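J.: Below is a structure I'd like to ask you about.
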Amino acid sequence: MINYRALLNRLLRRKGDETPEEPPVEKVKIVLENKYLVARPIFSEDAFSSENELVERHHTTMLDHLKRTCGCSAQKAKKIAFTFFPIVSWLPQYPIKEWLLSDIISGLTTGLVSVLQGLAYALLTNVPPGYGLYAAFFPVIVYFFFGTSRHISAGPFPVTCLMIGSVVTNLVSGASTSAGNATAANSTDETLLNDQKVMVAASLTFLIGIVQLILGFLQFGFIVIYLSEPLINGFTTAAAIEVVISQLKYVFGIKIPAFNGPLANFRVLHAILSQLRTKTDIAALIISIVVMVLVYVVKEINDYFKAKLPVPIPIEIVLTIIGTGVSYAFDFKHRFGVDIVGTIQRGFQRPIAPSKAVFQASIANSISTGIVGFAVAFSVAQVYAVKHNYTIDGNQELIAFGLCNVVCGAFKGFVASTSLARSSVQESSGGKTQIAGILSGVIVLIVTLALGYLLEPLPKAVLAAIIIINLKGMLMKFDEIPVLFKRDKYDLVVWVVTFWSSVILGLDLGLAVGVGIELITVVLRVQFPKYAVLANIGRTDIYKDRKDYSDKYEPKGVLIFRCPSAVFFANIDTFKEKLITAKGLVATSNDYEVSDDEELNNNRVEELDEPPEELPIVVNWSEDLPLNIQVPKIELHSLILDFSTVSFIDMSGMKVLKAILKEFNKVEVDTYIASAECSVLDKLKRSEFFDKDIKTSIFYLTVHDAVLHVLEKHGLEDELKCDPEKDSGTVMSLQGVTNGTIYINEHVVASETKF
């Protein structure tokens with residue numbers, strides 16, 4: 001136990017004195033922070049009637065602070081509970097009268113959608129549809145206690161389900177077209193094959209949960225920043241294409257062997273096209289077309305009248321009920337050979353231990369799938385958090401989804417993320433909190449325990465059609481290509497490369513390729529930034545790229561060079577090249593003029609000849625050179641480097657920068673550095689950058705300060721004074737005529753920026 005009063009006395013005691021030190025004239029408290037004492041004023045001079053009262057209050061304040069800082073307290077325990085159990089922060093304050101009815105309506109609607117999507121996405125995972133109910137139930141229950149978003153609906157997501165399904169197909173030998181349709185000799189073999197698929201999907205889901213938990217406890221919630229929007233959109237668009245291809249076999253009622261690995265999508269298309277004319281199930285095709293048309297039309301109606309409709313028309317649920325009833329009444333399975341959902345087990349199965357063999361074979365897949373699932377869920381949660389003005393915790397979201405997947409995998413479910421469509425239903429139908437989510441779980445629970453058998457006659461063609469139409473939003477991402485082409489070529493490259501690599505190589509390898517390309521573009525952006533020569537704008541203290549403005553002033557003999565990125569080993573050569581090129585800063589000929597419309601370019605380089613360490617004669621660079629000396633004339637007398645955007649500089653950058661500054665000093669060009677960050681200055685000082693030739697006096701707070709110093713040094717103080725005739729124009733307008741006197745208004749119009 002810490003003796004706080006003894007610690008306080010020891011902190012306040014004078015050196016060599018056993019009595020506490022008298023408080024100073026300015027009343028202070030002493031705060032123990034990182035083993036350093038910091039004095040902060042907190043009391044006014046006349047706050048207490050006597051000095052003894054002040055000292056007692058001072059001791060009491062310090063003791064309270066030390067208890068909060070050095071030991072456990074109720075506030076710390078409460079903060080920890082709020083962090084790891086967000087439910088305790090909002091549930092006690094839940095406004096029942098205002099929000100409960102909305103959450104009930106939202107929960108019922110979302111629950112029905114969750115049942116349908118659970119069955120449908122099980123097809124993508126290559127497990128029997130009944131297990132999709134487990135994936136729709138357990139995540140919403142766990143997320144209710146540990147999630148920080150009020151509006152997302154935890155559960156299966158088509159992209160992650162497809163990634164799980166590819167692993168199932170790869171690891172389970174003899175896997176066929178779909179769950180429950182193995183080409184085995186008898187039902188026993190079919191049951192054994194399905195059990196193997198469920199084990200692989202559940203074990204991989206459990207491993208994904210472990211990966212997400214580890215990332216969450218290590219505070220890796222920021223990892224989503226490395227997945228840019230173009231990368232995510234290109235990846236999800238490719239996943240949507242792969243989902244469509246995977247569902248074509250149900251649409252046409254064709255059974256094909258399973259394919260995995262690179263070029264799997266093309267092999268699936270080839271297998272379907274080769275059987276299209278001879279083995280197409282006309283009944284399944286008609287069902288799919290009718291369902292797709294109806295879902296598409298009603299969804300368009302929902303979008304058009306969304307401001308007037310209190311709840312979107314649940315067309316998927318309606319068609320599911322109708323499809324199930326019609327299939328049962330007319331016995332589609334036996335009369336027309338239509339593939340149906342089949343047996344759905346009632347109740348829940350016992351938890352299972354995950355397979356170590358699956359862990360060893362799918363560790364890379366678990367990392368990629370876990371990151372994608374979290375990135376999608378976090379992105380959707382962030383949208384609703386901004387819309388409804390609250391915050392979410394990325395690290396806690398990782399922990400929440402990690403626990404969802406651990407529990408779901410233990411109970412034979414598959415990977416949990418969130419669905420934009422399902423979350424949109426929960427939010428648009430009035431959902432206020434995760435009360436709606438847990439009520440949706442209750443609906444799934446009722447179906448699992450009692451009503452699941454009613455869905456057994458449902459044709460899989462209905463589920464496939466609903467899946468395909470619900471991918472409309474993801475497929476519409478193709479509209480981004482022309483926009484990216486105009487705005488950012490690097491982002492366009494990331495989008496296109498991620499898309500095609502995912503389609504050709506598969507989602508797991510495609511994601512890795514996309515991240516690699518994204519990192520390469522970051523390196524290229526930093527290695528080859530857009531350097532610029534600045535000019536004074538309108539004779540103010542503003543300095544911008546001279547090619548962008550018409551009203552500019554460039555002091556004779558002074559050039560200002562802006563470095564738009566960090567100076568380090570990857571771009572220091574480019575920095576030096578730009579700085580000494582003819583187009584950049586130092587002209588190598590008196591006849592050479594730089595066009596305002598030209599940008600700094602690596603393709604045309606005329607380097608400044610470096611003078612030798614010891615010239616044969618003393619050269620006056622401002623005069624004509626002797627005939628026996630062939631070096632360019634230097635018209636510049638001052639160089640100003642704008643370091644306002646230089647965030648850091650490494651040892652290689654410092655070495656080359658120092659050499660550059662000394663080279664300009666040799667040709668009698670004064671060099672200055674403006675607007676450098678304190679961290680850059682501190683590193684230069686610690687690295688012994690300064691010497692007799694390069695002094696700290698070359699640094700200026702702003703570019704304008706450096707320019708004023710240069711002009712004063714060279715007797716050009718009046719250069720920056722405003723010239724009314726040059727700086728602006730005057731427009732006169734007639735105000736009126738009174739008693740024969742004409743009144744004129746004069747409007748001063750500044751020169752326009754040239755873009």
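J.: Quick one: what are the phi-derived ³J(HN,Hα) couplings along region 350-355, Karplus 6.51/-1.76/1.60 with θ = phi - 60°, whole Hz, x for glycine and proline?
T.: These are the phi-based 3J(HN,Hα) values: 5, x, 10, 7, x, 8 Hz.
J.: Round to a whole number: what % of the accessible area of region 630-707 belongs to carbon and sulfur, probe 1.4 Å? Kindly include the intermediate steps, with their values, before the conclusion.
T.: Working: 2080 of 3820 Å².
Its accessible area is 54 percent carbon and sulfur atoms.
J.: Separate question: Could you work out what % of the accessible surface of region 224-381 is carbon and sulfur, using a 1.4 angstrom probe and leaving DNA, RNA and ligands out of the count?
T.: C and S atoms contribute 66 percent here.
J.: Classify region 293-388 as rounded, prolate or oblate, taking a ≥ b ≥ c as the square roots of the eigenvalues of its Cα gyration tensor: rounded when a/c is under 1.5, otherwise prolate if a/b is larger than b/c and oblate if not.
T.: Oblate, since a/c reaches 1.5 and b/c is not below a/b.
J.: Could you provide, to the nearest whole Å², the per residue accessible area of region 461-500 with probe 1.4 Å?
T.: On the way: 2030 Å² over 40 residues.
I get 51 Å² per residue for region 461-500.
J.: If you build the Cα gyration tensor of region 466-519 and take the root of 5 times each eigenvalue, what three semi-axes come out, in whole angstrom, biggest first?
T.: Each semi-axis is √(5λ); the values are 20, 18, 7 Å.
J.: Bins of 5 Å, beginning at zero and ending with the bin holding the largest distance: percent of Cα pairs per bin for region 644-704, please.
T.: Distribution as computed: 4, 17, 30, 30, 16, 4, 0 percent.
J.: Suppose every Lys and Arg Cβ carries +1 and every Asp and Glu Cβ carries -1, with no other charges. What dipole size does region 244-362 come out with about its Cα centre, to the nearest 20 debye?
T.: 340 debye
J.: Still on this structure, please answer the following. Give the calculated FRET efficiency between Glu712 and Thr645 to the nearest 0.05, with a Förster radius of 30 Å applied to their Cβ-Cβ distance.
T.: 0.65
J.: Relative to the present Cα-Cα distance, how much length would full extension add between Thr83 and Val293 at 0.36 nm per residue of separation?
T.: Result for the pair: 71.0 nm of gain on full extension.
J.: Please compare each pair in Lys197/Lys249; Lys544/Lys658; Lys530/Lys713; Lys662/Lys683 to a cut-off of 23 Å on the Cα-Cα distance and tell me which ones are over it. Before the final figure, lay out each step's value.
T.: Details: Lys197/Lys249 19 Å; Lys544/Lys658 26 Å; Lys530/Lys713 31 Å; Lys662/Lys683 19 Å.
From the list (Lys197/Lys249; Lys544/Lys658; Lys530/Lys713; Lys662/Lys683), the Cα-Cα distance tops 23 Å for Lys544/Lys658; Lys530/Lys713.
J.: With a probe of 1.4 Å, find how much accessible area region 302-455 has per residue, and write the answer as a whole number in Å². Show your work: numbers first, answer last.
T.: Numbers: 7200 Å² over 154 residues.
That works out to 47 Å² for each residue.
J.: If you only keep lysine pairs separated by 8 or more in sequence, or across chains, how many in region 305-456 come under 28 Å at the Cα atoms?
T.: 7
J.: Here is a further query. Given a 1.4 Å probe and every protein chain left where it sits, what share in percent of the accessible area of region 429-585 is carbon and sulfur?
T.: So the carbon and sulfur contribution to the accessible surface is 67 percent.
J.: What percent does the relative contact order of region 191-282 come to when contacts are Cα pairs within less than 8 Å and at least six residues apart? Could you put the intermediate results ahead of the total?
T.: Numbers: 31 pairs, mean separation 19.8, N = 92.
Relative contact order here is 22 percent.
The values are calculated or read from the model by the stated rules, or taken from the named source; none is laboratory data. From a predicted model like this one, the values you see are computed outputs, not experimental measurements. Ideal geometry is used to build each Cβ from the backbone, glycine not excepted, and the neighbour counts take in all protein chains shown. Calculation scope for accessible area: heavy atoms of the full protein, side chains included, ligands and nucleic acids excluded. Shrake-Rupley method; radii C 1.70, N 1.55, O 1.52, S 1.80 Å.
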